[in-house]
Each structure stands twice: as structure tokens, then as C-alpha cells.
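Asker: Sharing a structure below in C-alpha cells format, with a few things to ask.
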Amino acid sequence: MNEILFWMQPVTSAFIGWFTTWLAFYMLFHPRNPIRIFGITIQGIFPKRQTVFAAKLGAVVGKELIHFDEIARQIKDPEALAKVMPGIEAHIDTFLNEKLKEKLPIIGMFVGQGTMVKIKEGLLEEINLMLPEVIGQYADNLSQKIDVEKMVTEKINQFSSDKLEEILHSVLKKEFRLVELICGVFGFVIGCIQLLLAWISMK
């Protein structure tokens with residue numbers, strides 16, 4: 001029996017390496033609620049530190065990732081504006097050729113199509129000049145009204161531990177399995193080294 005246990009050292013070390021790594025990952029989220037064992041409180045890292053984690057993530061997103069001036073710059077880019085102009089032009093066409101004449105029938109009697117075209121061109125030109133300024137002002141107002149850091153922090157705090165665990169596992173499941181396997185292999189190698197040293201010492 002002792003001989004069997006002696007030669008099982010690599011397998012035992014591999015199991016210990018794998019199990020301790022699995023347990024470390026498991027304890028990221030479990031136990032959900034604090035448990036006292038021999039006077040020691042045990043709780044999963046994320047459930048215990050969720051408020052701190054939410055605050056840190058909110059600060060990173062609010063200060064480093066999302067900037068309203070950058071958003072405004074992207075929206076005011078000429079290429080971005082060019083993409084929305086066809087839709088604006090279509091609305092102006094509908095307004096001038098249908099809605100305006102419905103509300104003011106006299107327009108259709110005294111204003112010809114050529115004049116309507118000129119009015120449309122003038123409106124489009126004015127909108128092209130006005131849009132960047134309006135978007136800039138809108139972005140400034142948003143930056144004053146929306147606290148991204150607070151919003152992200154509140155959203156993360158509202159997440160259940162189950163949801164956070166689901167998100168983490170969906171992203172890192174393969175990496176967790178790989179780390180567990182590597183630790184198991186390391187444990188096996190260490191067990192082989194221990195076995196070799198013990199065998200040499202018995203010679």
C-alpha cells in the first residue's frame with residue numbers, strides 16, 4: 001500500500017495543482033454570502049468587493065474611455081455628416097412639396113417649383129453650417145447632465161453575482177481551463193521530481 005502511494009505522488013501532485021487552481025477560480029464568486037468558519041469570515045472576492053470594483057470600473061470608463069468631446073468630434077466629422085444629409089434632404093423635400101402646401105395652400109399657387117428648389121438649397125446650406133455647432137452644444141450639454149462614472153458604477157452594483165460570473169466565464173472560460181491544466185501539469189512534474197529525489201535517496 002505504501003509503495004502504491006509512493007508511486008502515486010505525481011498523480012497526487014497533479015490533482016492538488018489542478019484542484020487548488022479550480023478552487024481559487026471558484027472562490028472568485030463563491031460563497032455568495034459571508035460564511036463564518038472558526039471565527040473567520042469567508043466570501044467570494046467579487047461579491048465581497050463588488051462595490052469597490054464597480055467604483056473603479058466606473059472611474060476608468062468615465063475618465064479614460066468615454067469623452068463627450070471625442071464623440072462630438074466624431075459626429076461632426078464631414079464624412080459622418082455627409083451620411084445623414086440624404087435623410088435630411090428627403091425630409092425637406094417632403095415638407096416643401098407636401099406638408100407646406102397642405103398647411104399653406106396659397107404657397108402652391110404663387111410659388112413655383114424653381115423657387116422651391118432654391119428654398120431647399122438654401123435650407124440645406126444653412127443646415128450644413130449649423131449642424132456642427134448644434135452637435136457641439138448638444139455634446140456639451142450631455143457631458144454636464146450625464147455622469148458616466150456614476151451611471152456605470154450604479155449599473156455594476158445592480159448586477160447580481162450570478163450575472164458577473166456568467167459574463168466572466170463567457171469571456172474567460174477557455175483561459176480558466178487552460179490555467180487549470182497548466183497547474184495540473186506543473187503539479188505532475190513536481191511530483192515526478194519529488195519521486196525521483198525520494199528514489200535516489202533510497203539508493
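Asker: Scan region 37-51 and give yes if some residue there is hydrophobic (A, V, I, L, M, F, W, C), in a helix (DSSP H, G or I) and more than 26 Å from P132 (Cα to Cα), otherwise no. Can you show your working first?
Answerer: Pass one, region 37-51, residues hydrophobic (A, V, I, L, M, F, W, C): 37-38, 40, 42, 45-46.
From the residues that got through so far, the ones that are in a helix (DSSP H, G or I) too are 45-46.
Restricting the remaining residues to those that are more than 26 Å from P132 (Cα to Cα) gives 45-46.
Taking every residue of region 37-51 in turn, at least one turns out to be hydrophobic (A, V, I, L, M, F, W, C), in a helix (DSSP H, G or I) and more than 26 Å from P132 (Cα to Cα).
Asker: Given the residues E98, E126, which is the only one that is at pLDDT 85 or above and either assigned to a helix (DSSP H, G or I) or under 30 Å from D69 (Cα atoms) (or both)?
Answerer: On the way: E98 fails: at pLDDT 85 or above.
None of the others qualify; the one that does is E126.
Asker: Examine region 61-72 for a residue that is more than 19 Å from P132 (Cβ to Cβ), of a type outside the set (A, V, I, L, M), surrounded by 14 or more Cβ atoms within 10 Å (Cβ to Cβ) and in contact (Cβ under 8 Å) with a residue 40 or more places away in the chain, and state whether such a residue exists.
Answerer: So the first thing to find is which residues in region 61-72 are more than 19 Å from P132 (Cβ to Cβ), and the list is 61-66.
Subset that is of a type outside the set (A, V, I, L, M): 62-64.
The next check asks that each one be surrounded by 14 or more Cβ atoms within 10 Å (Cβ to Cβ); those that pass are 62.
From what's left, in contact (Cβ under 8 Å) with a residue 40 or more places away in the chain: 62.
Yes.
Asker: If a residue has to be loosely packed, with under 15 Cβ neighbours inside 10 Å, assigned to a loop (DSSP other than H, G, I, E, B) and in contact with a Gly (Cβ under 8 Å, 6 or more places away or on another chain) to count, how many in region 1-36 make the cut?
Answerer: Qualifying residue count for the region: 2.
Asker: Another question, if that's okay. Pairs only if they're at least six apart or on different chains, beta carbon under 9 angstrom, first in region 160-176 and under 10 Å from F29 (Cα atoms), second surrounded by 13 or more Cβ atoms within 10 Å (Cβ to Cβ) and among the polar types (S, T, N, Q); list them, first residue then second.
Answerer: These pairs meet every condition: S161/Q50; L164/Q50.
Asker: Oh, and also: If you scan region 144-203, which residues turn out to be among the polar types (S, T, N, Q), within 29 Å of Q9 (Cα to Cα) and touching a helix residue (DSSP H, G or I) at 6+ places or on another chain (Cβ under 8 Å)? Quick ask: steps written out before the conclusion?
Answerer: First, the residues of region 144-203 that are among the polar types (S, T, N, Q): 144, 153, 157-158, 160-161, 170, 194, 201.
From the residues that got through so far, the ones that are within 29 Å of Q9 (Cα to Cα) too are 194, 201.
Residue satisfying the conditions is Q194 alone.
Asker: Let me ask another. Checking the structure you have, find out if any residue of region 77-88 is in contact with a helix residue (DSSP H, G or I) (Cβ under 9 Å, 6 or more places away or on another chain) and among the acidic types (D, E).
Answerer: Looking for residues that are in contact with a helix residue (DSSP H, G or I) (Cβ under 9 Å, 6 or more places away or on another chain) and among the acidic types (D, E), one finds none in region 77-88, hence no.
The values are calculated or read from the model by the stated rules, or taken from the named source; none is laboratory data. Just so it is clear, the structure is predicted and the values come from calculations on it, not from any experiment. Cβ sites come from the backbone with ideal geometry, for glycine too, and all protein chains shown count toward neighbours.
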